[in-house]
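Undergrad: Structure provided below as structure tokens; questions to follow.
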């Protein structure tokens, strides 16, 4: 409806936007023309009623669209009834009535298009993650070839900062790999010979060589792209209620109008019935309420993409959370400093470790330095800095030989790790933390614990979700200990750990197949499959990836997860308001039809009465904007 393109035939977002802007101009011009027609200002100077402007600009596209759907697709939409009323009004010379009906329908369509539009760029961004080339060793030589030309068992050389093109196993070298894109883990994974690396992840440090095991469509990233496309294709847009009832509306309207004409002998009464029977208020009921709700939740930092999404949010019974960057901050923080050497206090141990880490690019090193600086520490010159990729660092600080890193790095420095230190490490690891050890002058001086900490708003959020009857679930790529600790801190009993993107999607589908409407909330590219597959999806806009944002039905702009219950409650209230609007419109139209049959209304007054019903629906919807959705 109201989408006929007079001047160009094209596809793509640019043309859609051009057409929408042109339609807005048409609506403005048509509204002005109808006001002039009603006032009669230009009745004498013009050889025709200026209401024809609205009929041509807003009415003709409706007639063409409905005729096309009826003839080519045998599809009866609400537009058919509107077209019949419009043509009948024109035939008997009631141009203002015809133009008014066309204008209201055009406005309704613009509102509907504004709420139903959804960005579809996520899959394209996933595709852009795939490297176009790879550095391969063949016949004793290194050469750069298109990634599509890689074969299984090729030896691929990956430099620091490069994205891994295919799945494989490391055969030479060691490094740390940023797996947040695919796994959602905020902590880089240390990799050495024999370890598996997957496509779409990033090599953070030194050069390594790998043997390819899965290429092309079998690789992890390409499999994710394929699954995302399938999941996206399975989401059907919301169908307008007026279109669902279109066939009955047409039959009933024509029957009542025909009987009125036959029994009274007045064609004008029949046309009047058709005018008031037009489902304009019906059509406005949904988009106006949806736009008001979207305006409401936007004030709380939530962007909802469509009316279809709101409808689904109103029916949510379960919510699945990603851990990293959703329930947690998404980056490691120091949660404990433990000196094991009486010569060093905890503060001194932190100072030595932080200064040694000054030149490190590892997230752990950056977190230790940030913690030190935030507690009043100052940078200082160091000597003899040595980086062991993915393992740790060594440096001379104030004359002390300091080594900081994981157990393997400390042992390489011939520093003994005591049972006490291992016990402390075990306790922190049970809480989902990672331990780095600090050696000073050849002795173990202490430990520093780092973890991705829970958001302060996570626990109240989970409690509120339970209060309104929504069951929380945790789906994460992290290990079991970390997942269980974070879940217990937040108050979540249902926990799934060590999950790949397709595993999350599988769990989502299991809930769906059991008849449960599940909402996925995540922030990373690894969550995009689950976001697309879920009944509804919410992305973290502040820390989240663009791909997760594009895959979701709603976005938390400032990552205020505590506002999620407000979205669910407002969605329910909006669906209730839509039902109320539709019921009110039906009652109003019923009275208008009765008055039309009795001859108490003519086409012009019928159009005005019809307009009052539409205005009532709009006002009813606008009241949602300031609603607080208390439940």
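Undergrad: Please sort 530-539, 131-140 by packing, taking for each peptide the average over its residues of neighbouring beta carbons within 10 angstrom, highest first. Please report the intermediate quantities before stating the final value.
TA: Numbers: 530-539: 28.7, 131-140: 13.7.
Ranking the peptides 530-539, 131-140 by packing returns 530-539, 131-140.
Undergrad: How much length, in nm to one decimal, is gained on full extension between residue 385 and residue 584, taken as 0.36 nm per residue of separation minus their Cα-Cα distance? Walk me through the numbers on the way to the answer.
TA: Values: separation 199, 0.36 × 199 = 71.64 nm, distance 7.57 nm.
This chain segment gains 64.1 nm when fully extended.
Undergrad: Another question, then. What FRET efficiency, computed as 1/(1 + (r/R0)^6) with R0 = 56 Å and r the Cβ-Cβ distance, is obtained for residue 48 and residue 361, rounded to the nearest 0.05?
TA: Details: r = 74 Å, r/R0 = 1.32.
It comes to 0.15.
Undergrad: Would you please give the FRET efficiency between residue 488 and residue 25, computed as 1/(1 + (r/R0)^6) with r the Cβ-Cβ distance and R0 = 35 Å, to the nearest 0.05?
TA: Values: r = 58 Å, r/R0 = 1.65.
That pair, residue 488 with residue 25, gives E of 0.05.
Undergrad: Hey, rough spin-label estimate for residue 259 and residue 412, points 7 angstrom out along Cα→Cβ, what's it come to in nanometres?
TA: Rounded to a tenth, the inter-label distance reads 9.0 nm.
Undergrad: How far apart, in nm, are the 7 Å Cα→Cβ label points at residue 67 and residue 251?
TA: Spacing of the two 7 Å Cα→Cβ label points: 2.6 nm.
Undergrad: Once a ≥ b ≥ c are taken as the square roots of the eigenvalues of the Cα gyration tensor of region 397-450, is the result rounded (a/c under 1.5), prolate (a/b larger than b/c) or oblate (a/b not larger than b/c)?
TA: Prolate is the answer for region 397-450, as a/c is 1.5 or above and a/b outweighs b/c.
Undergrad: Contour minus end-to-end for residue 266 and residue 396, with contour as 0.36 nm per residue of separation and end-to-end as the Cα-Cα distance? Numbers along the way, then the final one.
TA: Values: separation 130, 0.36 × 130 = 46.80 nm, distance 10.23 nm.
Gain in length upon complete extension: 36.6 nm.
Undergrad: Calculate, in nm to one decimal, what residue 193 and residue 619 gain on full extension: separation in residues at 0.36 nm each, minus their alpha carbon distance.
TA: Numbers: separation 426, 0.36 × 426 = 153.36 nm, distance 6.70 nm.
My answer for the length gained is 146.7 nm.
Undergrad: I need the peptides 302-310, 93-101 ranked by packing, meaning the mean over residues of other C-beta atoms within 10 angstrom, with the highest value on top. The partial results should precede the final answer.
TA: On the way: 302-310: 22.8, 93-101: 25.9.
Ranking the peptides 302-310, 93-101 by packing returns 93-101, 302-310.
Undergrad: Any idea how far apart residue 298 and residue 347 come out in nm if each label point goes 7 Å out from Cα toward Cβ?
TA: 5.1 nm
Undergrad: If you take the square roots of the eigenvalues of the alpha-carbon gyration tensor of region 329-453 and sort them as a ≥ b ≥ c, do you get rounded (a/c under 1.5), prolate (a/b over b/c) or oblate?
TA: Working: a/c = 1.36, a/b = 1.08, b/c = 1.25.
Because its axes are fairly even, with a/c under 1.5, region 329-453 counts as rounded.
Undergrad: Suppose a student asked you for the relative contact order of region 329-453, using Cα pairs under 8 Å spaced at least 6 residues apart; what percent would you report? Provide the component values of the computation, followed by the final result.
TA: Details: 238 pairs, mean separation 39.9, N = 125.
Reported relative contact order: 32 percent.
Undergrad: Continuing with the same structure: If you average the sequence gap of Cα pairs under 8 Å that are 6 or more apart and divide by the length of region 386-512, what percent do you get for the contact order?
TA: Once normalised by length, the contact order is 17 percent.
Undergrad: Based on the mean of other Cβ atoms within 10 Å per residue, sort peptides 419-429, 498-508, 349-359 so the most packed one is first. Display every interim value, and only then the final one.
TA: Details: 419-429: 14.6, 498-508: 20.7, 349-359: 23.8.
Ranked from most to least packed, the peptides come out as 349-359, 498-508, 419-429.
Undergrad: Given a Förster distance of 45 angstrom, what is the FRET efficiency for residue 141 paired with residue 506, based on the Cβ-Cβ distance and rounded to 0.05? Please list the in-between numbers first.
TA: Working: r = 43 Å, r/R0 = 0.95.
With R0 = 45 Å, the Cβ-Cβ based efficiency is 0.60.
Read-outs throughout are calculated quantities, based only on the coordinates presented, and are distinct from any laboratory measurement. On a predicted model such as this, the values are computed, not experimentally measured, just so you know. Using ideal geometry, Cβ is built from the backbone for each residue, glycine included, and neighbour counts are taken over all protein chains shown.
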